[in-house]
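I have placed the structure first, in the form of structure tokens, so that the comments after it can refer back to it.
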Amino acid sequence: MPDETMLYQQLRDNEHETLVAEFWRFSTSYALRSESERLISIHDGLPPNLYQALRETFQLNDKQVEALLNASISTLHRRRREGKNLNSVASERLDRIATMSQLAMMVFEDKPGAINWLTRSNKALGGQVPIMLCKTEIGVKQVRRMLYAMKCGGVV
């Protein structure tokens, strides 16, 4: 019979896998939407549980999640608890991250490769971590430019 520590770890691993799968399901289906549909989703707000899926997928800490979504962890928890969608700022940032994640997956041809590239400091980006550049549209343009260059065999 497994001890409590093993059971807890198994539950934690299952929760992690579920949240990661949720993020990739979201980003894949979201990438198929038109810009008009994405704008409506951003305006209406994305589901609050996506911040947890984001956090687990990219192994982000509280400060990183807060910076990426421009919302405190307590606000994100409260919205999830109350069943309220994220505000338009957090939703737009999740839109950017989902889009970049799908592009990275196309370039690296697998999720672990995409996650690894998006979460590691990059000299070509001035030592910045690509996912953290998704806070701004200018940052996303830099990340997108690098990913397209890699996809097309260009220099990065």
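Observations, loosely collected:
- Lys pairs under 27 Å by Cα in the stretch 20-156, provided they are eight or more residues apart or on distinct chains: 15
- Selection from 57, 40, 18, by position along the positive dipole direction of the stretch 1-105 (Cβ): 40
- Nonlocal amide H pairs with residue 128, under 5 Å, H built at 1.01 Å: 122
- Exposure ranking of 107, 140 by accessible area [1.4 Å probe, largest first]: 107, 140
- The share of accessible area on the chain that comes from carbon and sulfur is 52 percent, using a 1.4 angstrom probe.
- Put 152, 134 in order of accessible area, highest first, and with a 1.4 Å probe you get 152, 134.
- Each Lys and Arg contributes +1 and each Asp and Glu -1, all at the Cβ; summed about the Cα centre of the chain, the dipole is approximately 640 debye.
- Counting only protein chain heavy atoms and rolling a 1.4 Å probe, the accessible areas of 74, 41 rank, largest first, as 74, 41.
- In the context of the full set of protein chains, residues of the chain present 59 Å² of accessible surface per residue (probe radius 1.4 Å, heavy atoms only).
- Of the Cα atoms belonging to the stretch 25-156, the radius of gyration and Dmax stand at 14.5, 47 Å.
- With the whole protein complex present, residue 84 retains an accessible surface near 110 Å², based on a 1.4 Å probe.
- Rounded to the nearest 20, the size of the Cβ-charge dipole of the stretch 69-111 about its Cα centre is 380 debye, with Lys and Arg at +1 and Asp and Glu at -1.
- Of 146, 74, 88, farthest towards positive along the dipole that unit charges on Lys, Arg, Asp, Glu beta carbons give the stretch 74-156: 74
The values are calculated or read from the model by the stated rules, or taken from the named source; none is laboratory data. These figures come from a predicted structure and were not determined experimentally. When we count neighbours, we look across all protein chains shown, and the Cβ atoms used for this are built from the backbone with ideal geometry, even at glycine. When the accessible area is computed, the model is the full protein with side chains, heavy atoms only, and any ligands, DNA or RNA have been set aside. Shrake-Rupley method; radii C 1.70, N 1.55, O 1.52, S 1.80 Å.
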